[in-house]
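The values are calculated or read from the model by the stated rules, or taken from the named source; none is laboratory data. Predicted, not measured: the structure shown is a model, and the values here were computed from it. Cβ: placed from backbone, ideal geometry, glycine included. Neighbour counts: every protein chain shown.
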Amino acid sequence: MTKAYWLAGAMSMVSALALAQPATAADTIKIGFVSTFSGPTAVIGNDMRNSFELALDHLGRKMGGKPVEVIYEDDGQKPDVGKQKTEKLVQSDKVDFIVGYIWSNVLLASLKTAVDSKTFLISANAGPSQLAGELCSPYVFSTSWQNDQTPQAVGTYMNQKGVKSVFLIGPNYAAGKDMLAGVKSTFKGQVVGEEYTVWPSQLDFSAELTKAKNSKAESIFVFYPGAAGVQFLNQYAQAGIKAQIPLYTAFTIDELSLPLQKDNALGVPGAQQWVNDLPNDENKKFVADYRQKYTGLRPTFYGAQSYDAANLINSAVVAVKGDTSKKDEMKAEMEKVNFKSVRGPFKYGNNHIPIQNFYLQDVVKDGEGQLALKTVATIVKDDQDRFHDKCPMK
Amino acid sequence: MFLVVEQLLNGLQFGLLLFLLAAGLTLVFGIMDFVNLAHGSLYMMGAYFAATFAAWTGSFVLGALLALVATLLLGIALEFVALKHLYGRDHLDQVLATFGLILFFNDAVRLIWGPAGLALPLPAWLTVPVQIIPGVFYPAYRLLIIGVALAVAAGLYVVVMRTRIGMLIRAGASNREMIGALGINIKLLFTLVFGLGAALAGLAGLMQAPILTVQIGMGENILILAFVIIVIGGIGSIRGAFMAAIFVGMIDTLGRAFLPDLLRKVLSGAAASTAAPALSSMLIYLLMAIILVVRPEGLFPAAKR
């Protein structure tokens, strides 16, 4: 029965689907963009790329008078692949900036390569606690948040609502652990249970939902980005738990998952530093132009953070008039946040993580009869992450 | 106690769903000696068809039935156009060709339906929890999955063990040169078996669709589990696939349900929370490895060849 042995080997082929993209060279501002462009979470990478491209359109596709060249690389949501792509961008493409990174585990694997080569890395999403603390670097900036901040805001909101107990569920990787730790750090009630699921392969949450239901907790908190958020929410609603135990979320409901979650998401609150309806002028322009350029799509917070990343890079390149060898000057300029963010004004802490507001978002039916995310209230103002003390930079 | 009952049901439901996928795979692999990595793509197509037809007709049941027919036809067309040319070939050729088909189907879906995925909402009567024994509520849709999968298992048993077609299928699994020599139209039999396998994959995909999302590449993760099941159960054996699928479903679900609590008794809370999901996802592969060593022909091998 050699067939069986043989088959076991063949299985690995199925799990190894990867793509590559060509690159060119010229006298330009070179930006490497690492995100997920294949597999189920490719929609997130697409949204980031769309927003980054839109920002470049708004900048006339030039920074400091020089044309911009962006090299997009697919990390396939795998830390080892992300590291390889980062090495390629740094060593063979010799890019001036690296942007992107949805996943904390991918970013952590890639970080050393970028930092050792003194290439500026702008995280447009991932915010692992290590990055804010002991692994902080002069060459790393974030246009998103530190992972704990958003769930901390959710925990604060749950206190305001008078919630007494919670059951926590999240994926078993760097960001999942940060997220659950974040809620626990601010939530004053009792944490009845805490479950981690296999990431990203686990798709069925029946075992965890059953436990949550039987724990008699007053509420459930989850963190499930991308398609997993759709699956969790659907299963939560189908199990009839929605009527019994209210759900609180971080990064589980966004403009990409909402069309698939549909009414199951109605009335499920979350927290976010950016919501598409924030009333500042930059944001109105970003959202309107995005919807015009990419018909039928709406930008997400992933996109908003990528849009900000392009503008952050532009501010640095303009300050040195396109001479990207002046790294200290570029760093000093970026620390000033000398651009208008679509989330409204923010400052950088010593660790280059934004000090910013977090808003309560809710799912409602908008004027066009579509489900949309709406800013309801400001939960915390000028929130700084709780790891900045561990960062040796002053 | 109620918790255990519910978790057992969760495991049974997951296992039966895996059976639907593994049954088709084991039929095709065992009887036709053909490695079909694109089985997961048929699973995906079943889900996409169901989501599309359900949106057109406005009925979940009608959409599901149409999708079943569509996947059956797709399977037969696929066999006729591409796969039948590969039967005599080496396994490696088959793997490469069907791996190419995975890429083909993923990109075809991206072209036709776009990259964002689809939703397959359930009708209201399926989204309510049902009280099965006093004090235990279970989602109606998951009960439906259990019911449908058991019916399919029973149907397959009757077809394979009690009908003439089934006799030919079993004969084909045992010695296909011989039944060819006896004047049976083996080509037609293969097309039929492949279509049946495709329809079973499509059924698994469309049943799973409302629980998971309908998205590109949805068949790849679950296909690996299906391979594990046919290795454990014995290649070509429907009974083996059934037992192994329930086995794997139970181990996976119960591992996730109870391992963290067990580990917390010996390890610190944080370490246990992290180790438990990693360990429980390893359990089924450990089981497969042990079975490959101890009983390489699987737990319930098909008739000796």
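Pull up the stretch B:176-210, narrow it to residues that are β-branched (Val, Ile, Thr) and surrounded by fewer than 24 Cβ atoms within 10 Å (Cβ to Cβ), then point me to the one that is modelled with the highest pLDDT. Filtering the stretch B:176-210 for residues that are β-branched (Val, Ile, Thr) and surrounded by fewer than 24 Cβ atoms within 10 Å (Cβ to Cβ), the one modelled with the highest pLDDT comes out as B:Thr191. I'd like the residue in the stretch B:137-175 that is crowded, with 18+ Cβ neighbours inside 10 Å and hydroxyl-bearing (Ser, Thr, Tyr) and, out of all such residues, is modelled with the lowest pLDDT. Per the criteria, the residue is B:Tyr138.
Annotation: A:Pro392 fulfils all but one of (1) assigned to a loop (DSSP other than H, G, I, E, B); (2) surrounded by 14 or more Cβ atoms within 10 Å (Cβ to Cβ); the unmet one is (2). I'd like to check something: does the stretch A:212-221 contain any residue that is out of contact with any Pro (no Cβ under 7 Å at 6 or more places or on another chain), more than 9 Å from chain B (Cβ to nearest Cβ), surrounded by fewer than 19 Cβ atoms within 10 Å (Cβ to Cβ) and polar (S, T, N, Q)? Yes, some residue in the stretch A:212-221 is out of contact with any Pro (no Cβ under 7 Å at 6 or more places or on another chain), more than 9 Å from chain B (Cβ to nearest Cβ), surrounded by fewer than 19 Cβ atoms within 10 Å (Cβ to Cβ) and polar (S, T, N, Q). In this structure, does B:Leu101 turn out to be in contact with a Pro (Cβ under 7 Å, 6 or more places away or on another chain) and touching a residue at least 12 places away in the same chain (Cβ under 8 Å)? The answer is no for B:Leu101.
Is it the case that some residue within the stretch B:100-114 is of a type in the set (A, V, I, L, M), more than 19 Å from B:Val28 (Cα to Cα) and within 11 Å of chain A (Cβ to nearest Cβ)? For the stretch B:100-114, residues of a type in the set (A, V, I, L, M), more than 19 Å from B:Val28 (Cα to Cα) and within 11 Å of chain A (Cβ to nearest Cβ): present. Is it the case that B:Ile235 is within 13 Å of the chain's Cα centre (by Cα) and either of a type in the set (Val, Ile, Thr) or within 30 Å of B:Ser174 (Cα to Cα) (or both)? No. Residues in the stretch B:75-95 that are crowded, with 16+ Cβ neighbours inside 10 Å and among the hydrophobic types (A, V, I, L, M, F, W, C) were compared, and the one that is nearest to the other protein chains (Cβ to nearest Cβ) is B:Val95. Kindly indicate whether any position in the stretch B:239-253 is free of Cβ contacts under 8 Å to residues at least 40 places away in the same chain and within 21 Å of A:Tyr173 (Cα to Cα). Scanning the stretch B:239-253, I find no residue that is free of Cβ contacts under 8 Å to residues at least 40 places away in the same chain and within 21 Å of A:Tyr173 (Cα to Cα), so the answer is no. In the stretch B:219-228, the count of residues that are hydrophobic (A, V, I, L, M, F, W, C), more than 16 Å from B:Phe34 (Cβ to Cβ), touching a Gly at 6+ places or on another chain (Cβ under 8 Å) and assigned to a helix (DSSP H, G or I) is one or more. Within the stretch A:154-164, can one find any residue that is within 15 Å of the chain's Cα centre (by Cα) and charged (D, E, K, R)? No, there is no match, as no residue in the stretch A:154-164 is within 15 Å of the chain's Cα centre (by Cα) and charged (D, E, K, R). Residues that are over 21 Å from B:Asn10 (Cα atoms) and within 11 Å of another protein chain (Cβ to nearest Cβ) within the stretch B:256-272 comprise B:Arg264, B:Gly269, B:Ala270, B:Ala272, listed in sequence order.
Residues in the stretch A:242-257 that are of a type outside the set (Asp, Glu), more than 10 Å from every other protein chain (Cβ to nearest Cβ) and surrounded by fewer than 23 Cβ atoms within 10 Å (Cβ to Cβ): A:Ile245, A:Pro246.
Scanning the stretch B:216-234 for residues that are touching a Ser or Thr at 6+ places or on another chain (Cβ under 7 Å), surrounded by fewer than 24 Cβ atoms within 10 Å (Cβ to Cβ) and more than 8 Å from chain A (Cβ to nearest Cβ) returns no hits.
Residue-by-condition table, conditions (1) in a helix (DSSP H, G or I); (2) more than 12 Å from B:Phe227 (Cα to Cα); (3) touching a residue at least 40 places away in the same chain (Cβ under 8 Å):
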| residue | (1), (2), (3) |
| --- | --- |
| B:Leu18 | yes, no, yes |
| B:Asn36 | no, no, yes |
| B:Tyr43 | yes, yes, yes |
| B:Tyr48 | yes, yes, yes |
| B:Leu62 | yes, yes, no |
| B:Leu72 | yes, yes, yes |
| B:Ile76 | yes, yes, yes |
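Do the conditions hold for B:Gly166, that is, is it within 21 Å of the chain's Cα centre (by Cα) and free of Cβ contacts under 8 Å to residues at least 60 places away in the same chain? Yes.
Of everything in the stretch B:288-304 that's modelled with pLDDT under 90 and more than 10 Å from chain A (Cβ to nearest Cβ), which residue is farthest from B:Ser174 (Cα to Cα)?
Among residues in the stretch B:288-304 that are modelled with pLDDT under 90 and more than 10 Å from chain A (Cβ to nearest Cβ), the one farthest from B:Ser174 (Cα to Cα) is B:Leu299.
For the stretch B:25-74, a residue qualifies if it is of a type outside the set (Asp, Glu) and modelled with pLDDT under 90, and the qualifying residues are B:Thr26, B:Leu27, B:Val28, B:Phe29, B:Gly30, B:Ile31, B:Met32, B:Phe34, B:Val35.
Of the listed requirements (1) more than 14 Å from chain B (Cβ to nearest Cβ); (2) at pLDDT below 95; (3) within 29 Å of A:Lys284 (Cβ to Cβ), A:Leu56 misses just one: (2).
Residue count for the stretch A:28-76 under the criterion of being out of contact with any Gly (no Cβ under 6 Å at 6 or more places or on another chain), in contact (Cβ under 8 Å) with a residue 12 or more places away in the chain and among the polar types (S, T, N, Q): the result is 2. Picking from residues in the stretch A:229-241 that are more than 9 Å from chain B (Cβ to nearest Cβ) and out of contact with any helix residue (DSSP H, G or I) (no Cβ under 6 Å at 6 or more places or on another chain), the one that is surrounded by the fewest Cβ atoms within 10 Å (Cβ to Cβ) is A:Tyr236. Taking the conditions (1) crowded, with 21+ Cβ neighbours inside 10 Å; (2) out of contact with any Pro (no Cβ under 6 Å at 6 or more places or on another chain); (3) not polar (S, T, N, Q) in turn, A:Asp93 satisfies each one other than (1). For B:Tyr43, the conditions (1) crowded, with 16+ Cβ neighbours inside 10 Å; (2) more than 20 Å from B:Leu212 (Cβ to Cβ); (3) more than 9 Å from chain A (Cβ to nearest Cβ) are fulfilled apart from (2).
Rundown of residues vs (1) free of Cβ contacts under 8 Å to residues at least 40 places away in the same chain; (2) in a loop (DSSP other than H, G, I, E, B); (3) among the charged types (D, E, K, R), yes/no style:
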| position | (1), (2), (3) |
| --- | --- |
| A:Thr324 | no, yes, no |
| A:Ala332 | yes, no, no |
| A:Asn350 | no, yes, no |
| A:Tyr359 | no, no, no |
| A:Val363 | no, no, no |
| A:Glu368 | yes, yes, yes |
| A:Val380 | no, no, no |
| A:Arg386 | no, yes, yes |
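Of all the numbered requirements in (1) among the β-branched types (Val, Ile, Thr); (2) crowded, with 18+ Cβ neighbours inside 10 Å; (3) in contact with a helix residue (DSSP H, G or I) (Cβ under 6 Å, 6 or more places away or on another chain); (4) modelled with pLDDT of 85 or more, B:Thr127 misses one, and that requirement is (4). Restricting attention to the stretch A:162-192, the residues being more than 9 Å from chain B (Cβ to nearest Cβ), outside any helix (DSSP H, G or I) and either among the polar types (S, T, N, Q) or under 27 Å from B:Met282 (Cα atoms) (or both) number 8. Report yes if B:Ser237 is buried (at least 18 other Cβ atoms within 10 Å of the Cβ) and within 26 Å of B:Val193 (Cβ to Cβ), otherwise no. Against the criterion (buried (at least 18 other Cβ atoms within 10 Å of the Cβ) and within 26 Å of B:Val193 (Cβ to Cβ)), B:Ser237 qualifies.
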